[in-house]
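So the structure is just underneath, and the comments pick up after that.
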Amino acid sequence: MTLVPSEYLAVIKRRDFFILLLTLFLGQVASAFLLLSLVASVFTQTASNFGVTGIVLSLSTPAFFLMAFAGLTADIIDRKKIIIIANIVISVIVLLVLLMLKNVYVSISLSFLYFAGNSFFLPAISAASAQLVKKSQLLIANSLFIFTLSSGQIIGLFIASIIQFIYGNLITLVICEVLLIIAIFLPMFLPALPPLEKKPSFLNTRIKEIAKAFVYIFKSKIIWIFFVMFASIQAIIAFGATLGPGFFNDIINIPITKSPILMMPSIALGLLLGVVFIHKPKMNEAFLIKMGFSFIGFTAALLGLIIKVGLIKF
């Protein structure tokens, strides 16, 4: 008996699919390195949570506006070309960040550009994964894709916090650049990944399908509830990420270069527990969401009381 089912091993052993997963993993690790470096750099220079807000917003705002267009692009252009070009663009942006790290406004602007480029990378590599496995393996391939996406972010943040703790922002960004350069060359070993359809009317058809999808979303009550819940969770995470550096720096007296190494293990543990519980057939998703919000609310209130009575004043 093995820890990894044979069906999953069979998919992982497919050379092209493995290269794609490795490219995705390196890209997510690099993004985590960049994000942590920029948060630390901006807060160190401004001593303001408002500056951190710009970095946090750059993580999600470009995807919100560009994801639909990026998905359409992945449907009409060779996915391999998109992956390589996107990685080239974001690697150049990281190089510019390295050269202009002392300029806060430029760093925030480049962060927006980085995650805008990343918005094209993710739909292309997601669509490409379905082209590199058999039809019967699509479900397993999708599971491996999501696992790689999440683990890359978790592992990236955890390793970046250690490197930043020991070596600082500059070395963290240099490693980020090296990872992205590797992620440029890896997809070159993949075969061409052209769109499945090339009919003249295909583009119009896809645009109409996207429009219908948005209309359906706006009309569906259950999807709106899901979106509100998901947006609320993301807002809480963004709020915590924005306040975190100032909280550790001003209240607990731990500088931003040191505090991530305290936060990342707990974040990784929380995501790991979430992955475990969400795959329990008897666990209801609504119950898990309620428990998650309850836990966040309880711990936030408890932390507020501790600060209010001065238990961690010194």
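Can you find, among 257, 100, 271, the residue farthest towards the positive end of the dipole of the chain? Put +1 on the C-beta of Lys and Arg, -1 on that of Asp and Glu.
271
List the pairs from 81/134; 102/258; 208/290; 135/221; 135/282; 81/102 whose alpha-carbon separation is above 27 Å, in the order I gave them. Could you put the intermediate results ahead of the total?
On the way: 81/134 22 Å; 102/258 19 Å; 208/290 37 Å; 135/221 32 Å; 135/282 29 Å; 81/102 33 Å.
From 81/134; 102/258; 208/290; 135/221; 135/282; 81/102, over 27 Å: 208/290; 135/221; 135/282; 81/102.
Hey, if you drop one equal point scatterer on each alpha-carbon of segment 60-150 and run the Debye formula without solvent, what base-10 log of I(q)/I(0) do you get at q = 0.21 Å⁻¹?
Treating every Cα as an identical point scatterer, log10 I(q)/I(0) equals -1.02.
What percent do you get for the relative contact order of the chain when only Cα pairs under 8 Å and 6+ apart count?
Numbers: 317 pairs, mean separation 88.5, N = 314.
In percent, rounded to a whole number, it is 28.
Counting Lys and Arg as +1 and Asp and Glu as -1, what is the net charge of the other residues whose Cβ lies under 10 Å from the Cβ of residue 125? Working shown, then result.
Working: positive: 79, 80; negative: none.
Charge balance near residue 125 sits at +2.
Using Cβ contacts closer than 10 Å as the measure, can you line up 6, 119, 60, 161 from fewest to most?
6, 60, 119, 161
Report the full-extension gain for the segment residue 102 to residue 138: residue separation times 0.36 nm, less the Cα-Cα distance, to one decimal in nm. Intermediate values should be presented prior to the final figure.
Values: separation 36, 0.36 × 36 = 12.96 nm, distance 4.55 nm.
Full extension of this stretch gives 8.4 nm more.
By Kyte-Doolittle mean hydropathy of at least 0.5 and Cα axial length of at least 18 Å, which whole DSSP H helices of the chain are selected?
Working: long enough: 15-46 (46 Å, 1.59); 49-76 (41 Å, 1.41); 79-99 (30 Å, 2.32); 104-131 (41 Å, 1.16); 138-167 (41 Å, 1.78); 169-185 (25 Å, 2.68); 202-219 (26 Å, 0.46); 221-246 (38 Å, 1.64); 260-278 (26 Å, 2.34); 285-309 (36 Å, 1.68).
Once both thresholds are applied, what remains is 15-46, 49-76, 79-99, 104-131, 138-167, 169-185, 221-246, 260-278, 285-309.
So what's the projected area for segment 205-267, the Cα convex hull averaged over all directions, in nm²? Could you put the intermediate results ahead of the total?
On the way: hull surface 26.8 nm².
The directionally averaged projection comes out at 6.7 nm².
Of 20, 35, 91, which is farthest along the charge dipole of segment 6-202 in the positive direction, counting Lys and Arg as +1 and Asp and Glu as -1 at C-beta?
20
Tell me the Kirkwood hydrodynamic radius of segment 92-190 in angstroms, computed as one over the mean inverse distance between distinct C-alpha pairs.
On the way: mean 1/r = 0.0643 Å⁻¹.
The answer is 15.5 Å.
Using a simple charge model, +1 on the beta-carbon of Lys and Arg, -1 on the beta-carbon of Asp and Glu, nothing else, what dipole does the chain show about its Cα centre, in debye to the nearest 20?
Details: 22 positive and 9 negative charges, 140 e Å.
About 680 debye.
According to the Cα gyration tensor, what semi-axes, each the square root of 5 times an eigenvalue, does the equivalent ellipsoid of the chain have, listed from largest to smallest in whole Å? Show your work: numbers first, answer last.
On the way: eigenvalues 227, 124, 85 Å².
Ellipsoid half-lengths, sorted descending, are 34, 25, 21 Å.
Please identify, among 153, 131, 234, the residue showing maximal mean-square fluctuation in a Gaussian network model of the chain using a 10 angstrom Cα cutoff.
234
Per DSSP H run of at least 4 residues, take -39500 (n - 2.57); add these up for the chain, divide by its residues and hand me the 222 nm value, nearest 500 deg cm²/dmol. Walk me through the numbers before you get to the answer.
Working: 11 runs with 251 residues, N = 314.
Dividing the helical sum by the residues of the chain leaves -28000 deg cm²/dmol.
Read-outs: derived from the displayed coordinates by stated rules, not from any lab. Note that the coordinates shown come from a computational prediction; the quantities given were computed from them, not determined experimentally. Note that we place each Cβ from the backbone using ideal geometry, even for glycine, and neighbour counts take in every protein chain shown.
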